[in-house]
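Take a look at the structure set out below.
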Amino acid sequence: MSAASAGVAPRADPARAAPLVELRSISRRFVKPVDVAGRIANAFGAGVREEVVHAVDRVSIAVQPGEVVGLVGESGCGKSTLGRLAVGLLAPTGGERMWRGEALDAMPRERRRAAQLRMQMIFQDPYASLNPRMRVVDIVGEAPVVHGMITPRQKVEYVGLQLNRVGLDPTLMRRFPHQFSGGQRARIGIARALAVKPEFLVCDESVAALDVSIQAQVLNLFMDLRAALDLTYLFISHDLGVVRHISDRVVIMYLGRVVESGPTEALFGDPAHPYTRALLAGVGSVEPRKRSFAPVRGEIPSPLAPPPGCHFHPRCPHAVARCREEAPVLTEIAPGRAAACWLVEPSPGGRRS
Amino acid sequence: MSAPGPLLEVAGLRTHFFTRSGVVKAVDDVSFALARGEVLGLVGESGSGKSITGYSIMGLVDPPGRIVAGSIRLSGRELVGLGHEEMRRLRGNRMAMVFQDPMMTLNPVMRIDRQMTETIRAHERVSAAAARARARAALVAVGIPSPDERLASYPHQFSGGMRQRVAIAIALLNRPDVVIADEPTTALDVTIQGQILHEMQKLTRDAGAALIWITHDLSVVAGLADRIAVMYAGRIVEHGRCADVLSQPAHPYTRGLLDSVPSRNPRGARLRQIPGMTPSLAALPEGCAFRERCPRAGPACAQAPAMQESGGRGVRCHDPLAAVAATAGP
Ligand SMILES: Nc1ncnc2c1ncn2[C@@H]1O[C@H](COP(=O)(O)OP(=O)(O)OP(=O)(O)O)[C@@H](O)[C@H]1O
Ligand SMILES: Nc1ncnc2c1ncn2[C@@H]1O[C@H](COP(=O)(O)OP(=O)(O)OP(=O)(O)O)[C@@H](O)[C@H]1O
Ligand code: SF4
Ligand SMILES: [Mg+2]
Ligand SMILES: [Mg+2]
């Protein structure tokens, strides 16, 4: 195991079982071919090239059974892509993904399908992920029937139960998605994912559209399910208050790479990476005080043309020459903690690989 | 018109949906006014009618929904009852809305550059090159790097937060007087969110635009809004200056909401939540809609409470937590 992945996964602890989900140096590139206009321009020597986005660039994450790992990062840094990779909805362009210690992509089809049912994702964009022509009762109840978890006759009662848990009035189950508000739709997505009783759940901004009281209800439900069923979460969110509240560990990404990870309190109490520090400094409070919001300092680097060296250097107040040339490696800075920055001190035993 | 009235004035607005299973009173007697340069934070229960209030102002309520009562005035001009063509001319020009779901703004099969330049040229006679330059600048302002490449992309090639930012950029293209932003920063990290809020503050300060900011993020409201209105079951149950409402909530619902914020709860412990469930808007009981869930409910609450206004603050409750008149500042 490289130092990089050791930093993200908890240090080998023989008492603990194999991770439920593990991503090993996983990558995903998106290639946008040159379109017609570009090809015509090229005929005149414009030199338009295909665009490649390294949405996820060699990321390693291990999630233990029953653990909640918070995933935080800049908009567009690859969190949703990583979530889709983790549940097998998107094929990686590099690296390996393991489910209970077994390579997912090497599993026979039947077993892989069974494994994938155990992993569910609550999508960031509920509107696009809910079939507009299906009624809620079918959106939520179809999969449990198909997979033989309930009989068709139990569907209405079962769906009613699922809706109740997320604070939705079961009498609305014959409605279509467009007849709901944004937060109600988000809860339909949550109910659908929970209805198949997954073991591993990727929550992609799942509570962002909820008012804080319903958000509290859903977060409490998540925690109850974790306690009762050992449900394991990869929790993607921009709301650091929420992440801090429910995560055991937090992973911070920036432009396709992990820049810091560690136990929640240690990381929030003493952030090591300059991007993490910028994030924590930007957190507002509910105390009513008008603020003057500031634009991002420096230049926001583009995923289409990431800068050389550390991806954060165009925005980093501490960048030195080395940061502009060489990408820092994820290095252990304390037990269970890792950061990728040239200016952090490796822990005595920790190595830069 | 010499006396500068409010830029936007909503009075007694009621928007109902006539569905087969009953009348859904999504917005039921909502009133507020907004001056130039002012920011109103619109918060409240999920499903309480915030977005439909925005749609009503924009003239975008589709059947079986319709505005059944009330008035919406923009610089004194009544919008309720205006024809489609006239509303279309106001939309995207004098008034713009950033939808909760960016895909309501974005056409999935059209490149971003075309969507943006068409928005500009629908209201203004400018050259294609000038429109493109303005579109490019708008992307930069909302923190989208590589604007030229992104202009040549389709919506599905963007991340969730990038789509949100493109939708914001499109809403601001024609420098509208009134912007209704519906949950516009849920997919943005706080550093990029700061960039957007900075642009919004510039717009209100320099161009005098008025802003309705619909959100569940109370920390954003706290930092951005001048005034705040809290909605529950189709009604505004409390409004006032942002500082007053957040530090001394008067309505029991507002109080319950503030108590549920994670940072006000011990880490990892169960979060406080308001007991019970939102009543169905198609079958609201008589009296205060919050009654069944309210720790202060008494016999009087079987009658619907009227909005009690005083000193710029108002609350719809028979037994408010704070005496409204006492906390209202100058
Ligand atoms: N289908 C696609 N085709 C091309 N590029 C894509 C595609 N999906 C994602 N990308 C690109 O990959 C990068 C990462 O996107 P992703 O959606 O994973 O970000 P994210 O971290 O979830 O962001 P957000 O917080 O805004 O939702 C972005 O630059 C995005 O433009
Ligand atoms: N087409 C429709 N038919 C019937 N009811 C509808 C329709 N559209 C919306 N509603 C209902 O109107 C109410 C108000 O919806 P609205 O979208 O304004 O809520 P909201 O306050 O924006 O909530 P959220 O914070 O969840 O987005 C909701 O209870 C919703 O179920
Ligand atoms: S009117 Fe009564 S029930 Fe309604 S919020 Fe006030 S005290 Fe509670
Ligand atoms: Mg995303
Ligand atoms: Mg809404």
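The values are calculated or read from the model by the stated rules, or taken from the named source; none is laboratory data. This one's a predicted model, so the numbers in the text were calculated from it and none came from an experiment. For neighbour counting, all protein chains shown are included, and Cβ atoms are generated from backbone atoms with ideal geometry for every residue, glycine included. Ligands, DNA and RNA are excluded from the accessible area calculation, which covers all protein heavy atoms including side chains. Shrake-Rupley method; radii C 1.70, N 1.55, O 1.52, S 1.80 Å.
Before moving on, here are some points about what is shown:
- Take residue B:116: with every protein chain present and a 1.4 Å probe, its accessible area is about 0 Å².
- Scalar couplings 3J(HN,Hα) for the range B:252-263, obtained by applying the Karplus form with A = 6.51, B = -1.76, C = 1.60 to θ = phi - 60°, are x, 5, 4, 4, x, 4, 4, 5, 8, 4, x, 5 Hz; x denotes Gly and Pro.
- Average beta carbon contacts from partner chains per residue of A:241-251, 10 Å cutoff: 3
- Residues in the range A:141-159 that a label on residue A:171 would reach, taking backbone N under 20 Å of a point 7 Å out along Cα→Cβ: A:156-159
- Built amide H within the under 5 Å cut-off of residue A:259, gap 5+: A:252, A:253, A:254
- Heavy-atom accessible area, 1.4 Å probe, ligands and nucleic acids excluded: residues of the range A:206-231 down by at least 20 Å² from chain alone: A:208, A:209, A:211, A:212, A:213, A:214, A:216, A:217, A:220, A:224
- Chain A, relative contact order [Cα under 8 Å, separation at least 6], %: 21
- Accessible surface area normalised per residue over chain B is 40 Å², counting heavy atoms of protein chains with a 1.4 Å rolling probe.
- Bridging of residue A:290 to lysines at a Cα separation below 21 Å is possible for B:202, once same-chain residues fewer than 8 apart are set aside.
- Average Cα contact separation per residue, the range B:120-226, under 8 Å, 6 or more apart, as relative contact order %: 26
- Protection proxy ranking of A:145-158, A:218-231, by the mean of other Cβ atoms within 10 Å over each peptide's residues and highest first, is A:218-231, A:145-158.
- Computed with a 1.4 Å probe over protein heavy atoms only, the accessible area of residue B:290 comes to about 10 Å².
- Over the range B:229-330, Cα pairs under 8 Å with separation of 6+ residues give a relative contact order of 31 percent.
- Per-residue [θ]222 nm for the protein assembly as shown (sum of -39500 (n - 2.57) over DSSP H runs n ≥ 4, rounded to 500): -9000 deg cm²/dmol
- The range B:291-307 - phi-based ³J(HN,Hα) in whole Hz, Karplus 6.51/-1.76/1.60, Gly and Pro as x: 3, 5, 10, 8, x, 9, 4, x, x, 4, 6, 5, 9, 5, x, 8, 6
- In chain B, the portion of solvent-accessible area held by carbon and sulfur atoms comes to 53 percent [1.4 Å probe, whole percent, DNA, RNA and ligands not counted].
- Listed residues B:241, A:58, B:121 arranged by accessible area, highest first, probe 1.4 Å: A:58, B:121, B:241
- Residue A:228/residue B:126 FRET efficiency (R0 51 Å; Cβ-Cβ; nearest 0.05): 0.25
- Buried on assembly, the range B:236-258 (at least 50 Å² less accessible surface than by itself, 1.4 Å probe): none
- When the accessible areas of A alone and B alone are added and the area of the pair subtracted, with a 1.4 Å probe, the result is around 5200 Å², both sides summed.
- Mean partner shielding of peptide B:177-186, defined as the number of other chain Cβ atoms within 10 Å of each residue Cβ, is 2.
- Only beta bridges with both residues in the protein assembly as shown are counted; by DSSP, about 60 percent of them are antiparallel.
- In sequence order, calculated HN-Hα J values of the range A:291-304 (Karplus, 6.51, -1.76, 1.60; Hz; x Gly/Pro): 10, 9, 7, 10, x, 5, 7, x, 10, 6, x, 9, x, 6
- Beta bridges assigned by DSSP with both partners in chain A are antiparallel in approximately 60 percent of cases.
- Available extension along the chain between residue B:19 and residue B:87 is 22.0 nm, counting 0.36 nm per residue and deducting the alpha carbon span.
- Amide H contacts for residue A:327 (H built 1.01 Å from N in the peptide plane; partners 5 or more residues away or on another chain; cut-off under 5 Å): A:309.
- Distance in nm between pseudo-label sites at residue A:32 and residue B:309 (7 Å out along the Cβ direction from Cα): 5.0
- Qualifying lysines (Cα of each under 30 Å from Cα of residue A:79; at least 8 residues distant if same chain): A:32, A:197, B:50
- Averaged over A:75-82, number of beta-carbon atoms from partner chains that fall within 10 Å: 6
- Taking all protein chains as shown and a probe of 1.4 angstrom, residue A:80 keeps an accessible surface of around 30 Å².
- Computed from the C-beta positions of residue B:270 and residue B:137 and an R0 of 41 Å, the FRET efficiency is 0.30 to the nearest 0.05.
- Rounded accessible area per residue of chain A, 1.4 Å, Å²: 43
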